[in-house]
Amino acid sequence: MKLFDVYPLNNITISRALGSYVWDDQGNQYLDMYGGHAVISIGHTHPHWVQRIEDQLKQIAFYSNSVIIPLQQQLADKLGKLSGKTDYELFLCNSGAEANENALKLASFHTGRKKIVAFRKSFHGRTSLAVAATDNPAIVAPVNETDNIVFLPFNDTASLQKYFEEHGASVAAVITEGIQGVGGINVASDDFLQTIRQLCNQYGSVFIADSVQCGYGRTGKFFAHDHAGVDADIYSMAKGMGNGFPIGGILIAPHIRPKHGMLGTTFGGNHLACAAALAVLEVIEQESLIQKAAVNGAYMIEQLKSIPEIRNIRGRGWMIGFDVPDEIKDLKKVLLSEYKTFTGEAKPNVIRLLPSLALNKEQVDNFLHRLREAIKFIQTDNPSS
Ligand SMILES: Cc1ncc(COP(=O)(O)O)c(C=O)c1O
């Protein structure tokens, strides 16, 4: 049987990983500035995370949500403590799309309304409503198309205000990333997020902060939206939450009330996933990884600004993007093949840096060296590039 061919693959087989490095089956070591797509939060195969999963596996890996699973409450308590959202409630699921799907559904249940405001260049996942709220027609199947979603320009408070003045009473939710990831590292302005908060208050709509990529400490605060000093009504989370163990969830403000059967899942919140997620939060706390992400990410941004060949350096913490001009368009490819460095990308010409929050200053300097060398390599017109 063949694999369904939906991924353009690098011809590399990763067989081992530790911290911010991975190794292929030929023994080559790579610096991982991509974090397996913003998933690796505390570092690959962190010993505490491995130990906690191993210990849990020997006790019980899974039982359904028909019984009490104390690890879920422990996770909720720890999440409340680290995020500061102590009065929010937690619903657990398995992925980012599922988290957003549940957030949107919950907003609609809560308000009794149907309209969702999303923004240009947004990405919210591939399930039915999450993909409909994603600004990429190529991944929206005919069956996912719906008039219930409206796309407004990102960071444009005037058009948001105008939309609310005309249609506010029918808006169930506004959903936005704090920093757009797939869209190319576009930082939501404080003013924009504050306006969303104010309009949602005024019209009784639900503010959904998609924190699947930009959350969990990646930007130097627990949620990227925290930089604007606003609280959303629902935060969706996944990626960094399990450091590679599949888990997602939503944090729900206390005015949104649950009902039995309203949401549900077979696998969400299972013992093993909760153990992995608890290990992640314990390491984030013990190793001060959110503070480290803020400091080392800011240092990286400053240093990148001194490289004239790359443009428009932007982001926060470990969510950084820059434009790659045409003259060095093969930069990502060369970084990987010649300098054994994984980076992320956003179409058409953006390199995204999404490493583990534990990436240290020495590794930042090491990456900057590789980047400068890769640019030189391309500029010397090497035939293999
Ligand atoms: C902002 C954002 N939301 C949602 C998702 C979907 O997450 P998942 O792939 O876990 O379904 C992603 C994935 O890249 C994302 O970046």
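The values are calculated or read from the model by the stated rules, or taken from the named source; none is laboratory data. This one's a predicted model, so the numbers in the text were calculated from it and none came from an experiment. Every residue, glycine among them, receives a Cβ derived from its backbone with ideal geometry; neighbour counts consider all protein chains shown. Heads up: the accessible areas ignore ligands, DNA and RNA and are worked out on the full protein's heavy atoms, side chains in. Shrake-Rupley method; radii C 1.70, N 1.55, O 1.52, S 1.80 Å.
Would you point out which residue out of Leu160, Leu129 is away from the ligand (no atom under 16 Å from the Cβ) and either touching a strand residue (DSSP E or B) at 6+ places or on another chain (Cβ under 9 Å) or open to solvent by 40 Å² or more (accessible area, probe 1.4 Å) (or both)?
On the way: Leu129 fails: away from the ligand (no atom under 16 Å from the Cβ).
From the options Leu160, Leu129, the qualifying one is Leu160.
Which residue, of Phe192, Phe123, is aromatic (Phe, Trp, Tyr) and open to solvent by 10 Å² or more (accessible area, probe 1.4 Å)?
Sole residue among the options that is aromatic (Phe, Trp, Tyr) and open to solvent by 10 Å² or more (accessible area, probe 1.4 Å): Phe123.
Report yes if Lys58 is farther than 16 Å from Gly264 by Cα, in a helix (DSSP H, G or I) and either within 16 Å of the ligand (Cβ to nearest atom) or open to solvent by 60 Å² or more (accessible area, probe 1.4 Å) (or both), otherwise no.
Working: farther than 16 Å from Gly264 by Cα: yes; in a helix (DSSP H, G or I): yes; either within 16 Å of the ligand (Cβ to nearest atom) or open to solvent by 60 Å² or more (accessible area, probe 1.4 Å) (or both): yes.
So Lys58 passes the test.
Quick check: anything in segment 307-327 surrounded by fewer than 22 Cβ atoms within 10 Å (Cβ to Cβ), among the basic types (Lys, Arg) and touching a Gly at 6+ places or on another chain (Cβ under 6 Å)?
Checked against the condition, which is being surrounded by fewer than 22 Cβ atoms within 10 Å (Cβ to Cβ), among the basic types (Lys, Arg) and touching a Gly at 6+ places or on another chain (Cβ under 6 Å), segment 307-327 yields at least one hit.
Considering only strands (runs of 3 or more DSSP E) fully contained in segment 314-364, which possess at least 3 residues that are on the phi > 0 side of the Ramachandran plot? So that I can check it myself, show each step before the final result.
Values: elements: 319-323, 344-346, 350-353.
Hits in segment 314-364: none.
Scanning segment 227-240 for residues that are open to solvent by less than 40 Å² (accessible area, probe 1.4 Å) and within 16 Å of the ligand (Cβ to nearest atom), which turns out farthest from Ile60 (Cα to Cα)? Spell out how you get there, then give the answer.
Filtering segment 227-240 for residues open to solvent by less than 40 Å² (accessible area, probe 1.4 Å) gives 228, 230, 232-238, 240.
Then drop every residue that is not within 16 Å of the ligand (Cβ to nearest atom), which leaves 232, 234-238, 240.
Details: Ala232: 35, Ile234: 30, Tyr235: 29, Ser236: 27, Met237: 24, Ala238: 22, Gly240: 23 Å.
Among those residues, the one meeting the criterion is Ala232.
Considering only segment 163-183, how many residues are exposed (fewer than 13 other Cβ atoms within 10 Å of the Cβ) and over 21 Å from Arg197 (Cβ atoms)? Working first, answer last.
Our first condition is that a residue be exposed (fewer than 13 other Cβ atoms within 10 Å of the Cβ); within segment 163-183, this holds for 165-166, 169.
Narrowing the set further to residues that are over 21 Å from Arg197 (Cβ atoms) leaves none.
Total satisfying the criteria: 0.
Please count how many residues of segment 241-260 are buried (at least 24 other Cβ atoms within 10 Å of the Cβ), away from the ligand (no atom under 11 Å from the Cβ) and either farther than 16 Å from Glu101 by Cα or of a type in the set (Phe, Trp, Tyr) (or both).
Number satisfying all stated conditions: 1.
Counting just the residues of segment 21-50 that are in contact (Cβ under 8 Å) with a residue 12 or more places away in the chain and surrounded by fewer than 18 Cβ atoms within 10 Å (Cβ to Cβ), which one comes out nearest to the chain's Cα centre (by Cα)?
The first filter runs over segment 21-50 and keeps only residues in contact (Cβ under 8 Å) with a residue 12 or more places away in the chain, leaving 21-22, 24-25, 28-46, 48-49.
Cutting the leftovers down to surrounded by fewer than 18 Cβ atoms within 10 Å (Cβ to Cβ) gives us 21, 24-25, 28-29, 37, 45, 48.
On the way: Tyr21: 20, Asp24: 25, Asp25: 28, Asn28: 28, Gln29: 25, His37: 8, Thr45: 19, His48: 23 Å.
Applying the filter and picking the extreme gives His37.
Kindly list the number of the only condition in (1) open to solvent by less than 60 Å² (accessible area, probe 1.4 Å); (2) farther than 24 Å from Phe192 by Cα; (3) out of contact with any Pro (no Cβ under 8 Å at 6 or more places or on another chain) that fails for Ser95.
Status for Ser95: all satisfied but (3).
Every residue in segment 1-20 that is open to solvent by 100 Å² or more (accessible area, probe 1.4 Å) and not in a loop (DSSP other than H, G, I, E, B), please. Don't jump to the end; show me each part of the working.
First pass over segment 1-20, keeping only residues open to solvent by 100 Å² or more (accessible area, probe 1.4 Å): 1-5, 7-9, 11, 16.
Hit for segment 1-20 is Arg16, nothing else.
Please verify whether segment 104-111 includes one or more residues that are part of a strand (DSSP E or B), within 28 Å of Lys221 (Cα to Cα) and either more than 11 Å from the ligand (Cβ to nearest atom) or basic (Lys, Arg) (or both).
Step one: list which residues in segment 104-111 are part of a strand (DSSP E or B), which gives none.
Checking segment 104-111: not a single residue is part of a strand (DSSP E or B), within 28 Å of Lys221 (Cα to Cα) and either more than 11 Å from the ligand (Cβ to nearest atom) or basic (Lys, Arg) (or both).
Can you confirm whether segment 165-174 contains a residue that is within 20 Å of the chain's Cα centre (by Cα) and either in a loop (DSSP other than H, G, I, E, B) or without any contact (Cβ under 8 Å) to a residue 60 or more places away in the chain (or both)? Full working, then the answer.
At the first step, the residues of segment 165-174 found to be within 20 Å of the chain's Cα centre (by Cα) are 173-174.
Among the residues that remain, those that are also either in a loop (DSSP other than H, G, I, E, B) or without any contact (Cβ under 8 Å) to a residue 60 or more places away in the chain (or both) are: 174.
Looking through segment 165-174, at least one residue is within 20 Å of the chain's Cα centre (by Cα) and either in a loop (DSSP other than H, G, I, E, B) or without any contact (Cβ under 8 Å) to a residue 60 or more places away in the chain (or both).
Just the residues that are within 23 Å of Tyr203 (Cβ to Cβ) and either within 14 Å of the ligand (Cβ to nearest atom) or open to solvent by less than 80 Å² (accessible area, probe 1.4 Å) (or both), please, taken from segment 139-153. It would help to see each step written out before you state the result.
Initially, segment 139-153 is screened for residues within 23 Å of Tyr203 (Cβ to Cβ), giving 146-153.
Within segment 139-153, Thr146, Asn148, Ile149, Val150, Phe151, Leu152, Pro153 meet the criteria.
A quick yes/no check of all residues on (1) within 18 Å of the chain's Cα centre (by Cα); (2) of a type in the set (Gly, Ala, Ser); (3) surrounded by 21 or more Cβ atoms within 10 Å (Cβ to Cβ); (4) within 20 Å of Lys114 (Cβ to Cβ):
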| position | (1), (2), (3), (4) |
| --- | --- |
| Pro137 | no, no, no, no |
| Tyr203 | no, no, no, yes |
| Thr219 | yes, no, yes, no |
| His225 | yes, no, yes, no |
